Amino acid sequence: MTDWLGMAAHPKIPRPELKERVLARALAPRRRPWRLAAAAGLVLLAGAGAYGWYRTLTTLRLERDRLARAVLSLQDTLALVRSPDAKVVWVPVTTGGRVGGVTIFADTTRHRWLVRCDGLAPNEPDQAYQIWFITDRGMKSAALMPMDHEQPMVMALDMPKGGGRVMGAAMTIEPRVGSQQPKGRVVFHMNL
Amino acid sequence: MTHPKRLSQEDERSLVRRLKARDERALGELYDLLAPWALGVAFRILQDQDEAEEVVGDVFVQVWARIDQHDSRRGPLVPWILSIARNRALDALRRRRRWWRKAARWEQATTAELGDPAPEPPPHEAAVQGWPLHRQVHAALATLPEEQRRVVLLAYFDGLTHSEIARRTGQPLGTVKTRLRIAQQKLAEALQHLKDWME
């Protein structure tokens, strides 16, 4: 019977405006926290989905660009290799006690070379391979190839414009930043 | 002078049916009937008008939202609502006590004397429905010896546990429990005739 003890308190007349306030509160649409949580979850999910989609698109776009570059390079290489004016030279080289080779596709019409190096020993940390054009006006730097790993390397080189007639090629081991003129050990030296 | 409306069991059942049917006017009628008593309980516990009104708001929000949980076979509507008011008020009281304890710790100051607010004369009987029941409950309480009445009021309106009452009154825990048990038996006997809450 203690339930009735509430009636032991003296009643108090509420302020007139309280009724309107209380009824408005009670009759207001009920807030449903789970709906809010569900909405927040959906927003998060959509956000995560959009972010994932964006990441995927970015990755695919990068991959597409990389493949496009590879295709272009391949087309360039094929064009060089298939050129009727291309001259192919293979030079055996010995580096770091191992035997490798350098293959040169020289297109005298387009003035381009394709150089492929196989079996070259990795450079010392402060060194790099440097390829040279041998011209009738002297040695012209063609490319600097620092090699930190043992792997084949392919590169297309433009022959020097106005730099004289190209008569051959050479490769030396130079400081990592390269040299103006060959000073290091000669890896190979050849005439076309 | 208006006379209090009689709320019979049938009236109460009808009110509950309308509330369950989401009749908003029924909620307004329930407020007219019970707000003074809910506010009285909350004020008695909290001794603060603003907080007590906040509790009344909570009570009617809860009643409207959970009227389906009210089972008339387990008890009438009035004690159910007053118990909601009491529980809400005690929650607010506990929050306030926690706040005071924190404030006291932080400021290392003595807790301010709350003191009893200036007694406010109760409203005129004509202004509130349910006075007969109020008088009956008071009469039932008045039949209790002072020490039993005190433990009942400390338990009901101050929300104290048996141990807290024992500390407050300086009585052994067993004595407090015994007094409460006897007081509840006497109140149950004195108020068992309550079926209609307004006459």
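The values are calculated or read from the model by the stated rules, or taken from the named source; none is laboratory data. Computed from a predicted model, the values in this text were never measured in an experiment. Methodologically, a virtual Cβ is constructed for each residue, glycine included, from the backbone with ideal geometry; neighbour enumeration extends over all protein chains shown. Accessible surface areas use protein heavy atoms only, side chains included; no ligands, DNA or RNA. Shrake-Rupley method; radii C 1.70, N 1.55, O 1.52, S 1.80 Å.
Between A:ALA39 and A:GLN75, what FRET efficiency comes out of the Förster formula 1/(1 + (r/R0)^6) with R0 = 41 Å and r the beta carbon distance, rounded to 0.05?
On the way: r = 53 Å, r/R0 = 1.28.
Working from the Cβ atoms, E equals 0.20.
Of the trypsin sites (Lys or Arg not before Pro) found in the stretch B:1-102, the ones in coil according to DSSP and having at most 10 other Cβ atoms within 10 Å of their Cβ are B:ARG73, B:ARG74. The peptide list A:147-155, A:134-142, put in order of mean Cβ contacts within 10 Å with the highest first, becomes A:134-142, A:147-155. Across all directions, the average projected area of the convex hull around the alpha carbons of the stretch A:86-191 is 6.0 nm². Largest to smallest in accessible area, the residues A:VAL89, B:VAL59, A:VAL186 fall in the order A:VAL186, A:VAL89, B:VAL59 (1.4 Å probe, all protein chains included). Spatial offset of the stretch B:39-62 relative to the stretch A:75-103 amounts to 94 Å, using the alpha carbon center of each. Per residue of A:17-28, other chain Cβ atoms within 10 Å of the residue Cβ number 6 on average. For the pair A:MET147 and A:THR58, label points projected 7 Å from Cα toward Cβ lie 3.6 nm apart.
Model label points for A:ASP126 and A:ARG15, set 7 angstrom from Cα along the Cα-to-Cβ axis, are 8.7 nm apart. Projected label points at A:MET190 and B:ARG105, each 7 Å from Cα along the beta carbon direction, are separated by 8.5 nanometres.
Chains A and B together bury roughly 3600 Å² of accessible area, counting both sides, with a 1.4 Å probe on protein heavy atoms only. Surface composition of the protein assembly as shown: carbon plus sulfur atoms contribute 54% of the solvent-accessible area (1.4 Å probe, protein chains only, all chains present). Annotation note: trypsin sites (Lys or Arg not before Pro) in the stretch A:21-73 located in DSSP loop regions with a Cβ neighbour count of at most 13 within 10 Å are A:ARG30, A:ARG31.
Peptide B:30-42 has a mean shielding of 5, counted as Cβ atoms of other protein chains within 10 Å of each residue's Cβ.
Given a Förster distance of 30 angstrom, what is the FRET efficiency for A:ALA68 paired with A:ARG165, based on the Cβ-Cβ distance and rounded to 0.05?
Numbers: r = 35 Å, r/R0 = 1.18.
So, using R0 = 30 Å, E works out to roughly 0.25.
State in Å² the accessible area per residue of the stretch A:86-191; use a 1.4 Å probe, count heavy atoms of protein chains only, and round to the nearest integer. Please list the in-between numbers first.
Values: 5540 Å² over 106 residues.
Accessible surface, normalised per residue, equals 52 Å².
Using the Cβ-Cβ distance between A:THR103 and A:SER179 with R0 set to 25 Å, the FRET efficiency from 1/(1 + (r/R0)^6) comes to roughly 0.55.
Counting only helical runs of four or more DSSP H residues, what would the 222 nm mean residue ellipticity of the protein assembly as shown come to if each run contributes -39,500 (n - 2.57) and the total is spread over all its residues?
Values: 10 runs with 197 residues, N = 391.
Roughly -17500 deg cm²/dmol at 222 nm, from the helical runs in the protein assembly as shown.
Surface exposure of the stretch A:35-82, expressed per residue as accessible area with a 1.4 Å probe, stands at 85 Å².
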